[in-house]
Amino acid sequence: NAGVTQTPKFRILKIGQSMTLQCAQDMNHNYMYWYRQDPGMGLKLIYYSVGAGITDKGEVPNGYNVSRSTTEDFPLRLELAAPSQTSVYFCASSYAGQGLGDTIYFGEGSWLTVV
Amino acid sequence: AQTVTQSQPEMSVQEAETVTLSCTYDTSESDYYLFWYKQPPSRQMILVIRQEAYKQQNATENRFSVNFQKAAKSFSLKISDSQLGDAAMYFCAYRGPNTGNQFYFGTGTSLTVIP
């Protein structure tokens with residue numbers, strides 16, 4: 001029962017480098033999200049998607065890009081990494097049907113350090 | 001965007017005692033769900049309990065229960081018979097029908113359990 005799978009789990013980037021965090025879910029959820037969590041802080045929404053081909057900005061989208069070509073995959077692209085992007089990144093998914101009680105499922109997180 | 005406020009950045013409790021974590025939220029919606037999530041040091045996000053706004057009865061899950069006061073927009077989590085494994089960051093979250101089915105998270109409360 002895989003759920004939400006994120007890769008890589010740890011990564012060190014140099015300033016100005018780019019990378020993609022991969023995220024896949026096998027629960028046929030229509031909603032997918034990317035959050036970041038800075039040390040000792042809460043979750044901030046970067047981008048989200050309500051279905052394949054549809055993405056939208058969250059609270060802190062600058063410096064990131066996403067795409068959603070399939071229901072299962074939702075990669076997050078970091079362009080020109082900056083130290084301010086040092087954080088733990090969480091991919092998540094949920095089902096938004098007629099009921100709102102479905103919970104959100106999180107991946108295990110990706111620790112990113114920009115040096 | 002909805003606002004979820006957790007006014008207690010840190011709390012501590014003696015093992016076997018009871019502790020209550022506070023959460024308030026701001027909304028104009030009448031039907032919505034509220035959630036409590038636990039994030040242990042592993043950073044995995046775990047659903048603790050959920051409550052539908054239309055339900056009068058407070059949700060309970062074993063040692064975890066909520067005090068839901070809809071008029072006051074308050075949603076506190078009570079942990080009874082606290083155990084060392086309860087030590088974690090706890091996040092309150094809101095999900096409503098007219099806010100894009102998004103999950104809005106509070107900033108978290110760090111709970112320490114003292115043996």
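A few notes on this one:
- Prolate/oblate/rounded call for the stretch A:1-84, Cα gyration tensor, a/c under 1.5 rounded: prolate
- Percentage relative contact order, chain B, counting C-alpha pairs under 8 Å, at least six apart: 37 percent
- Note on B:ILE114: accessible area is roughly 70 Å² with a 1.4 Å probe, heavy atoms of protein only.
- This model, with +1 at the C-beta of Lys and Arg and -1 at the C-beta of Asp and Glu, gives chain A a dipole about its Cα centre of some 360 debye.
- For the stretch A:22-68, the equivalent ellipsoid built from the Cα gyration tensor has semi-axes of 20, 13, 9 Å, listed from largest to smallest.
- Under a Gaussian network description of chain A, with springs only between Cα atoms under 10 Å, the residue in A:GLN37, A:GLN85, A:GLN17 that fluctuates furthest is A:GLN17.
- For A:GLY51, neighbours were defined as the other residues whose beta-carbon sits under 14 Å from its Cβ, and their charges (Lys and Arg +1, Asp and Glu -1) total -2.
- Average projection area in nm² (convex hull over Cα atoms of the protein assembly as shown, one quarter of hull surface): 12.5 nm²
- Spacing of the two label points (7 Å from each Cα toward its C-beta) at A:LYS57 and B:SER30, in nm: 3.4 nm
- Separation of the stretch B:77-115 from the stretch A:6-22 is 28 Å, based on Cα centroids.
- Counts of other chain beta carbons within 10 angstrom of each beta carbon in peptide B:41-51 average 4.
- Å² per residue, accessible surface of the stretch A:10-74 at 1.4 Å: 50 Å²
- Multiplying the residue separation of B:ILE46 and B:GLU61 by 0.36 nm and subtracting their alpha-carbon distance yields 4.1 nm.
- Top positive-direction residue, dipole computed over the stretch B:1-52 with Cβ charges, set B:THR5, B:VAL19, B:ILE46: B:ILE46
- Test item: Cα-centred dipole of chain B, Lys/Arg +1 and Asp/Glu -1 on Cβ, debye: 200 debye
- Across the accessible surface of the protein assembly as shown, with the other protein chains kept in place and a 1.4 Å probe, carbon and sulfur atoms take up 48 percent.
- Environment charge of B:ALA16, counting only residues whose C-beta is closer than 12 Å and scoring Lys/Arg +1, Asp/Glu -1: -3
- Trypsin sites (Lys or Arg not before Pro) within the stretch A:1-105, DSSP loop, no more than 16 other Cβ atoms inside 10 Å: A:LYS9, A:LYS14
- Take the accessible area of B alone and of A alone, subtract that of the pair with a 1.4 Å probe, and the total buried over both chains is about 1900 Å².
- If you run the Gaussian network model on chain A, springs between alpha carbon atoms under 10 Å, then out of A:VAL50, A:VAL60, A:VAL88 the most flexible one is A:VAL60.
- Of the residues B:ASN58, B:CYS92, B:ALA71, the one whose Cα sits farthest toward the positive end of the charge dipole of the stretch B:33-108, with +1 on the Cβ of Lys and Arg and -1 on the Cβ of Asp and Glu, is B:ALA71.
- Solvent accessible area, Å² - A:THR70, 1.4 Å probe, full protein context: 50 Å²
- Pair B:LYS78, A:MET27: separation of 7 Å Cα→Cβ label points (nm): 2.9 nm
- For the residues A:PRO39, A:PRO83, A:PRO61, a GNM of chain A with alpha-carbon springs under 10 Å puts the largest fluctuation on A:PRO39.
- Between the stretch A:26-87 and the stretch B:34-57, the alpha-carbon centres lie 22 Å apart.
- In this Cβ point-charge picture (+1 for Lys and Arg, -1 for Asp and Glu), the protein assembly as shown has a dipole of about 340 debye about its Cα centre.
The values are calculated or read from the model by the stated rules, or taken from the named source; none is laboratory data. Bear in mind that the values here come from a model prediction, so they are computed numbers and not experimental data. Every residue, glycine as well, gets a Cβ built from its backbone with ideal geometry; the counts of neighbours run over all protein chains shown. The protein model used for the area step is the full one, side chains on, heavy atoms only, and it has no ligands, DNA or RNA in it. Shrake-Rupley method; radii C 1.70, N 1.55, O 1.52, S 1.80 Å.
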